[in-house]
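Asker: I am attaching a structure below and will ask some questions about it afterwards.
Computed from the coordinates by the stated procedures, all read-outs in this text should not be read as laboratory data. Computed from a predicted structure; not experimentally measured. Reconstructed Cβ throughout: ideal geometry from the backbone, glycine too, with neighbour counts over all protein chains shown.
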């Protein structure tokens, strides 16, 4: 079955630690995205990538970093510089060049809690 | 600036009732796309519909229907004869022609009671 996998589903981190969230897709999509969701708010874009070895900052990139070494993978690192990292993180992908023509497909999400 | 407003934070209905979820958007672009996504309790967003700015035809898919009105910048979503399985958070989103970004509304939580 094609789809997007995110791991782990729940993640706990101590303050001051970096943590990496995994996102893998087997849909052969070129574009991948990371969103953050907080209670009562919509999804906010952290980073996105249209092609391997290239990515752009979204609206709330501070305190986060990404890499895109393979088409299938787009890991997100939440660094200690992120002041309020507790949130639900969603990864998505879309076909062709990133753009409005095609819907984004979402993974099941990772819930990160900072202790 | 682009913006999506979903004024209804939470809606509760009893099964078999019809319910309409409102979505109002703002954009200066003449070409844009509107989306609706469903987020069930599992957390994964499920794509429901995409509509481009040049197509104002209403669409019906089973119990779901969408009403797009450019004159009022609205893209409302109606569920007919709601079911408990419709309980979820529903997001409306906007994407302009020349961007790669989806601008999401804050979502409407729909609870359908048996």
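Asker: Sort out which residues of the stretch B:11-37 are part of a strand (DSSP E or B) and within 18 Å of residue B:74 (Cα to Cα), and write them in order of number. Steps first, answer last, please.
Answerer: Looking only at the stretch B:11-37, we keep the residues that are part of a strand (DSSP E or B), and these are B:11-14, B:19-21, B:24-26, B:32-37.
Correct list: B:19, B:20, B:21, B:24, B:25, B:26, B:32, B:33, B:34, B:35, B:36, B:37.
For (1) in contact with a helix residue (DSSP H, G or I) (Cβ under 6 Å, 6 or more places away or on another chain); (2) more than 14 Å from chain A (Cβ to nearest Cβ); (3) free of Cβ contacts under 8 Å to residues at least 40 places away in the same chain; (4) farther than 24 Å from residue A:44 by Cβ, each residue gets a yes or a no:
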position	(1), (2), (3), (4)
B:65	no, yes, yes, yes
B:70	no, yes, yes, yes
B:78	no, yes, no, yes
B:81	no, yes, no, yes
B:85	no, yes, yes, yes
B:91	no, no, no, no
B:94	no, no, no, no
B:103	no, no, no, no
B:106	no, no, no, no
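Asker: On to the next question. Go through (1) surrounded by fewer than 16 Cβ atoms within 10 Å (Cβ to Cβ); (2) in contact (Cβ under 8 Å) with a residue 60 or more places away in the chain; (3) within 20 Å of residue A:115 (Cα to Cα) and name the single condition residue A:38 misses.
Answerer: All conditions are met except number (2).
Asker: Moving to a separate point now. How do the strands (runs of 3 or more DSSP E) wholly within the stretch A:4-74 filter down when requiring 2 or more residues that are within 15 Å of residue B:44 (Cβ to Cβ): which remain? Give the steps one after another, and end with the answer.
Answerer: Details: elements: A:4-7, A:10-13, A:19-25, A:31-37, A:43-51, A:54-57, A:64-66.
Where strands (runs of 3 or more DSSP E) fall fully within the stretch A:4-74 and carry at least 2 residues being within 15 Å of residue B:44 (Cβ to Cβ), they are A:4-7, A:19-25, A:31-37.
Asker: Something else now. Conditions first: (1) assigned to a strand (DSSP E or B); (2) within 10 Å of chain B (Cβ to nearest Cβ). Residue A:112 passes all but one, so which condition is the exception?
Answerer: (2)
Asker: Does any residue of the stretch B:9-16 turn out to be within 13 Å of chain A (Cβ to nearest Cβ) and either touching a residue at least 24 places away in the same chain (Cβ under 8 Å) or over 14 Å from the mean Cα position of the chain (by Cα) (or both)?
Answerer: Yes: the stretch B:9-16 contains one or more residues that are within 13 Å of chain A (Cβ to nearest Cβ) and either touching a residue at least 24 places away in the same chain (Cβ under 8 Å) or over 14 Å from the mean Cα position of the chain (by Cα) (or both).
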